[in-house]
1. Tell me the strands (runs of 3 or more DSSP E) entirely within segment 89-130 that contain at least 3 residues that are at pLDDT 95 or above, surrounded by fewer than 21 Cβ atoms within 10 Å (Cβ to Cβ) and in contact with a strand residue (DSSP E or B) (Cβ under 6 Å, 6 or more places away or on another chain).
2. Can you list the strands (runs of 3 or more DSSP E) lying wholly within segment 136-228 that have 2 or more residues being modelled with pLDDT under 90 and under 24 Å from residue 97 (Cα atoms)?
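The values are calculated or read from the model by the stated rules, or taken from the named source; none is laboratory data. No experiment lies behind these values; they were computed from the predicted model shown. So basically every Cβ, Gly included, is an ideal-geometry build from the backbone, and we count neighbours across all protein chains shown.
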C-alpha cells in the first residue's frame with residue numbers, strides 16, 4: 001500500500017495538471033474575446049434585421065461541421081466543380097509556406113478552400129479563401145485543421161503571396177474585422193482592383209464558432225521601376 005504522502009502528492013499533481021489543462025483551453029478563448037471586443041467593437045452589419053431566413057440559417061449553423069466550408073455562411077452554394085483548380089499561398093508573418101488552396105471541393109482538413117464564384121487571384125474582384133482554426137496553442141501551419149488559428153496576428157502592411165500558374169501575386173493586408181455568419185456581404189466582388197479575403201471561424205477553439213474573422217488584402221501593383229530592375 002502506497003504511503004499517504006505519495007498519494008497526496010499524486011492527487012495534488014493531478015489537480016494542478018487538470019487546472020492547467022482547463023486554463024489552457026479557456027484562457028485563449030477568453031483572451032481572444034477580450035481582444036476582439038476592443039479591436040472590433042461593432043460587427044459589420046449592413047443587412048436588414050428582418051431577414052428571418054438568415055437568422056434561422058444562423059441557428060442551424062451553431063451545430064454545423066466546420067471542416068466543411070459550405071457550412072460557414074447560410075447560403076446555398078455548390079462547392080463541387082468539374083475541374084478542380086489549385087494554387088499556393090504564402091503568409092510569412094504567420095509561418096504559412098506554400099499552403100494548398102483548392103477551388104472546388106470543401107474539405108478544410110485537406111486544404112484551404114476558395115469560395116465558389118469568387119474571382120481568381122490576380123483578377124479584378126475578391127478572392128475569398130476559407131481556412132480552419134483551432135486553439136492557438138495547437139497552431140501548426142502545416143496542418144489544415146489548424147492553419148488559420150493565428151490569422152488575427154496579421155496587421156496592415158503584412159505581405160501575402162499567391163503562386164498561381166507560376167505567376168506570383170503580391171498582396172498586402174489593409175483591413176481586419178469580424179462578422180456574423182449571416183453577413184454574406186463579405187463575399188461580394190469589388191471589381192476596382194484585385195482583393196483577397198482570408199476567412200476563419202472565431203474565437204479559435206470555441207465549439208460554437210459564433211463569428212467569422214475577415215482579413216482583407218489588396219494586390220500590390222507591379223510598377224515600371226520594378227519591371228526595369230527585373
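1. 96-103
2. Working: elements: 159-164, 167-179, 194-202, 211-219.
Correct list: 194-202.
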